[in-house]
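Engineer: Below you'll find the structure I mean.
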Amino acid sequence: MKTSFISTLSIQTTMRNAISGVQREMVKANQEAVTQKHADLGVALGANTSRAIDLSRDITRIESLYNTAALATQRLESAELALSKMNELGLDIQGAILTLGNSTDATSLATARTTMQSALDAFTNFANTSVQGEYIFAGINTDVKPMEDYFAAGSPAKAAFDTELNHYMTTNGIASLSVMTETEMNTFLDDLGKKFDGTAPLTSPPHPLALAGQDFWTTFFSDASDENMKSRISQSEVVESSTNANKAGMRKFAFASIVSLELLQPNMDDKARQAVGARTRSVISEAMNGVDSINQQRTTIGIYTERVSKAEERLQAQKDILTKGLIGLENVDPEEAATRLNALKTLLETAYTVTAKIQQLSLANFL
């Protein structure tokens, strides 16, 4: 009978290689049990790998559009809220003018001017509303504060109004507001209103020659762009996600509040003062409800908000469908993964036990 020997070293080497293989499989099994996805997508899916990659790319694109739409919603909702507050301020101005009526009482006039000052100050703050560091009424100039503070020291807006008034009075030989007639007041308000509206350009004099022909509003009051921000909310749909401070409603609101604030003075001709009150009533009404008015802007923004909301719903539905398909490709059965991991643990423990017993083999134990 012929016998041959087996080296314990070869047995240990074989077991060590087996243990290494089990450990590698355990790493993959543990990853799949934790993430519930195939550890090696290419090996698991084969030819379907490209389909999984396409689905993942489409989901990423939809998420990008959804995030853009969410930001647009935030901007639009903030703009609508600010415009709503501006409308309330317009109602305050209307109420103050109606309450004042034809009163010549200095206290009543001071109360009305205080209302105008508060309304203009609050209006400016709302016009300078920002969302995530972007000004929503600045058009595409989102990094620029759109409205000048009329009450700030050295305000170009205040200086521009004073320049227009002083030039008109000097040119027409009007010594002070107290002697300005109703006709003269209406003429001044007509001319100034056209400059606020943008239908009449700046002239030199009274302004520097370099400014001649420019727009009064965008030169002294607003740094906003006429072009609004746009946001892509689907592959084929783009909406305006802001408005701007150059709209007619904004201009008229500022005009109405400024002329009433500056010109409703007690030491004036009664008819001239009444002309200021009448002009304030008509212009603030146009600012709230006329063409490109504050409420018209609110309506437009409401339409865009609804479109963005529906786009978000569609994007979410598309994402859910694609995610379901991707899960069907990438995911593993969590129970099967856990069972396989436990089986590998048992196999590894057995291999360690056998290796330990082999290492304990010695010829001395059999002598």
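Engineer: Listed residues L322, L344; which is under 30 Å from E240 (Cβ atoms) and at pLDDT below 90?
Structural biologist: Working: L344 fails: under 30 Å from E240 (Cβ atoms).
After ruling out the rest, the residue left standing is L322.
Engineer: Let me ask something else about it. Taking only segment 93-103 into account, find how many residues are assigned to a helix (DSSP H, G or I) and either surrounded by 13 or more Cβ atoms within 10 Å (Cβ to Cβ) or of a type in the set (G, A, S) (or both). Let's see the steps before the verdict.
Structural biologist: Here is the first cut: in segment 93-103, the ones assigned to a helix (DSSP H, G or I) are 93-100.
Add one more test, that the residue is either surrounded by 13 or more Cβ atoms within 10 Å (Cβ to Cβ) or of a type in the set (G, A, S) (or both), and what stays is 93-97, 100.
Total meeting the criteria: 6.
Engineer: In addition: I want to confirm something. Restricting to segment 104-130 and keeping residues that are over 17 Å from A287 (Cα atoms) and among the charged types (D, E, K, R), which single residue is surrounded by the most Cβ atoms within 10 Å (Cβ to Cβ)?
Structural biologist: Filtering segment 104-130 for residues that are over 17 Å from A287 (Cα atoms) and among the charged types (D, E, K, R), the one surrounded by the most Cβ atoms within 10 Å (Cβ to Cβ) comes out as R113.
Engineer: If D149 passes every condition in (1) of a type outside the set (F, W, Y); (2) in contact with a Phe, Trp or Tyr (Cβ under 8 Å, 6 or more places away or on another chain); (3) modelled with pLDDT of 95 or more; (4) outside any helix (DSSP H, G or I) but one, which one does it miss?
Structural biologist: (2)
Engineer: Could you say which residue among G139, G133, G90 is under 22 Å from N244 (Cα atoms), under 15 Å from the mean Cα position of the chain (by Cα), of a type outside the set (D, E) and open to solvent by less than 20 Å² (accessible area, probe 1.4 Å)?
Structural biologist: When all the criteria are applied, what remains is G139.
Let's see how each residue does on (1) within 21 Å of Q274 (Cα to Cα); (2) without any contact (Cβ under 8 Å) to a residue 40 or more places away in the chain; (3) open to solvent by 40 Å² or more (accessible area, probe 1.4 Å); (4) of a type in the set (F, W, Y):
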residue	(1), (2), (3), (4)
P156	no, no, yes, no
T163	no, no, yes, no
N172	yes, yes, yes, no
T181	yes, no, yes, no
L189	yes, no, no, no
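Engineer: Restricting to segment 236-245, what's the tally of residues that are assigned to a loop (DSSP other than H, G, I, E, B) and either without any contact (Cβ under 8 Å) to a residue 24 or more places away in the chain or buried (at least 24 other Cβ atoms within 10 Å of the Cβ) (or both)? Talk me through it step by step, then tell me what you get.
Structural biologist: Taking segment 236-245 first, the residues assigned to a loop (DSSP other than H, G, I, E, B) are 236-237, 241-243, 245.
Going one step further and asking which of them are either without any contact (Cβ under 8 Å) to a residue 24 or more places away in the chain or buried (at least 24 other Cβ atoms within 10 Å of the Cβ) (or both), we end up with 236, 241-243, 245.
Count: 5.
Engineer: While we're looking at this one, here's another question. As an exercise: evaluate N228 against (1) open to solvent by 30 Å² or more (accessible area, probe 1.4 Å); (2) within 28 Å of the chain's Cα centre (by Cα) and give the number of the one condition it does not meet.
Structural biologist: (1)
Engineer: What is the one condition in (1) modelled with pLDDT under 95; (2) open to solvent by 80 Å² or more (accessible area, probe 1.4 Å) that P334 does not satisfy?
Structural biologist: Condition (2) is where P334 drops out.
The values are calculated or read from the model by the stated rules, or taken from the named source; none is laboratory data. Not measured: the values here are computed from a predicted model. Every residue, glycine as well, gets a Cβ built from its backbone with ideal geometry; the counts of neighbours run over all protein chains shown. Heads up: the accessible areas ignore ligands, DNA and RNA and are worked out on the full protein's heavy atoms, side chains in. Shrake-Rupley method; radii C 1.70, N 1.55, O 1.52, S 1.80 Å.
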